[in-house]
1. Of all residues in segment 176-223 being at pLDDT 90 or above, outside any helix (DSSP H, G or I) and in contact with a helix residue (DSSP H, G or I) (Cβ under 6 Å, 6 or more places away or on another chain), which is nearest to Asp405 (Cα to Cα)?
2. Given the structure, is Leu381 surrounded by 15 or more Cβ atoms within 10 Å (Cβ to Cβ) and in a helix (DSSP H, G or I)?
3. Scan segment 325-345 for residues that are out of contact with any helix residue (DSSP H, G or I) (no Cβ under 7 Å at 6 or more places or on another chain) and of a type in the set (Ser, Thr, Tyr) and jot them down.
4. Looking at (1) under 19 Å from Val268 (Cβ atoms); (2) in contact with a Phe, Trp or Tyr (Cβ under 6 Å, 6 or more places away or on another chain); (3) among the small types (Gly, Ala, Ser), find the lone condition where Ser379 falls short.
5. Can you name the condition, by its number, that Leu337 falls short on among (1) of a type in the set (A, V, I, L, M); (2) over 19 Å from Ile118 (Cβ atoms); (3) in a helix (DSSP H, G or I)?
6. What number of residues within segment 60-86 are in contact with a strand residue (DSSP E or B) (Cβ under 8 Å, 6 or more places away or on another chain), closer than 14 Å to Glu100 by Cβ and of a type in the set (A, V, I, L, M, F, W, C)?
7. Could you list, in sequence order, the residues of segment 340-373 that are of a type outside the set (A, V, I, L, M, F, W, C), on the phi < 0 side of the Ramachandran plot and either part of a helix (DSSP H, G or I) or in contact with a strand residue (DSSP E or B) (Cβ under 8 Å, 6 or more places away or on another chain) (or both)?
8. Restricting the search to segment 403-436, which residues are charged (D, E, K, R), farther than 23 Å from Ile331 by Cβ and either touching a Cys at 6+ places or on another chain (Cβ under 9 Å) or assigned to a strand (DSSP E or B) (or both)?
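The values are calculated or read from the model by the stated rules, or taken from the named source; none is laboratory data. All figures in this text were calculated on a predicted structure; none of them were measured in a lab. Cβ sites come from the backbone with ideal geometry, for glycine too, and all protein chains shown count toward neighbours.
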Amino acid sequence: MSKKTTESTAPPRERAFLVGVELRSEPSLLSLEDSLDELALLADTAGLVVIGEATQRLEKPHAGTYIGSGKIEEIIALVEDSLAEVVVFDNELSPRHLRELEKRFGMNVRVLDRTALILDIFAQHASTREGILQVQLAQYEYRLPRLTRAWTHLARQSGGASGRSGSHGGVGLRGPGETQLEVDRREINRRISSLKEELEKIRAHRERYRAKRKRSQIPIIALVGYTNAGKSTLLNYLAQSDVYVADQLFATLDPTTRKVNLPGGRDVLITDTVGFIQKLPTQLVAAFRATLEEITEADLLLHMVDVTHFNALAQSKAVMETLEEINATQIPILTVLNKIDLLPSPTAAREALEVFPGSVAISALTGEGVQEFLEVIESLLYKEMAPIRVRLPYDKGDLISIFHDQGQIIRIEHGRGGVIIDGHIPGRLMTRYQPYIVPKDFISED
């Protein structure tokens, strides 16, 4: 088959026009221009081809159409001239804003926001049953308040931004009447309830699996970081595995755990988790609760940072904000500056380390700096001890035993309800004892 014939059979990519809005009332980690560049990468990952963009700076969103009427007319003209089929906003649009914008742009142009685009990418990349269920839940919860008679692209979105069909549960809106909308709302609510029940079963299974891992006393490490920071590449290098890697946003969604041997001979379990991004949709954070709990239950977090990215600092802050949102910042964190093989000189690497105090610099691709990095991990897990005072109930015999085996006990006091222990434990164990910490001046009632 000739090259010309092959190319003609490939489905055409939808043409997208991007709209970025900077709100002075809602400061962003990235500048307007940088955020729009990131949106372009998201659009490309979703299968769209970007053919133009427009920006506007506002004090706050316009009550009816998010952006000003004059700007809308300007964009409509540009969309018509460029034959764009999709307009993508770099902000999450309220149901009202979405409805009004759809009216203004007409039936031949779809209007999406950043959240819908990210959900679409997740729908394309989810491969396991758990991942697919989580994406379905996030999509339905996003769509429910946005159902309108005009939203005929609802079914198309479920399989991809360019209209590919898929198994992600699209719902077709057939009729314009209020009765049909109510039917659709009931159906989506039913599916949301069903998905939550299935995901709760998966969450319970994960909890049992994590409890089993904890009993083995093998430390658990979670890789976190901005999307495309190199987490999967590092896991592949450390475990000699074949986790999927691609130079695109959200290449991997489903958590993958591998056993890794440290320099001193001890084993650790390292889990690769979903990448973060600024303005990560709240629906995704909620739907991926079972997956994100892999982070909150870890003994140590490795915060991967693409040191070559010009917005590395802002990306790092976005990750920390998400960790705060899921209550994971109390876990020890080691910042890992990745991709130093792409820096122009060793001086640039040293300067990066100054910007991120307490970090280590590596190349997950070439292995440069990885041996020293593993030694730091071993020190954090086994050598650095944190002072602590806890009151442990007697039915928490596993925690009492771990304190005796791995901690340093200064003073121990037995009472009717439990045991009070003063001492030091490895920092990696701190999260396990967090619920039982008592102040230094605590006096037993026994």
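1. If we take residues in segment 176-223 being at pLDDT 90 or above, outside any helix (DSSP H, G or I) and in contact with a helix residue (DSSP H, G or I) (Cβ under 6 Å, 6 or more places away or on another chain), then Ala222 is nearest to Asp405 (Cα to Cα).
2. Numbers: surrounded by 15 or more Cβ atoms within 10 Å (Cβ to Cβ): yes; in a helix (DSSP H, G or I): yes.
Here the answer is yes, as Leu381 does meet what is asked.
3. Thr335, Ser345
4. So Ser379 meets the others, but not (2).
5. The single condition Leu337 does not satisfy is (3).
6. Result for segment 60-86: 2.
7. Going through segment 340-373, the residues of a type outside the set (A, V, I, L, M, F, W, C) turn out to be 341, 344-347, 350-351, 354, 357-359, 363, 366-369, 371-372.
Then keep just the ones that are on the phi < 0 side of the Ramachandran plot; that gives 341, 344-347, 350-351, 354, 357, 359, 363, 366, 368, 371-372.
Asp341, Pro346, Thr347, Arg350, Glu351, Glu354, Ser359, Ser363, Gln371, Glu372 - these are the residues of segment 340-373 that are of a type outside the set (A, V, I, L, M, F, W, C), on the phi < 0 side of the Ramachandran plot and either part of a helix (DSSP H, G or I) or in contact with a strand residue (DSSP E or B) (Cβ under 8 Å, 6 or more places away or on another chain) (or both).
8. Scanning segment 403-436 gives Arg411, Glu413.
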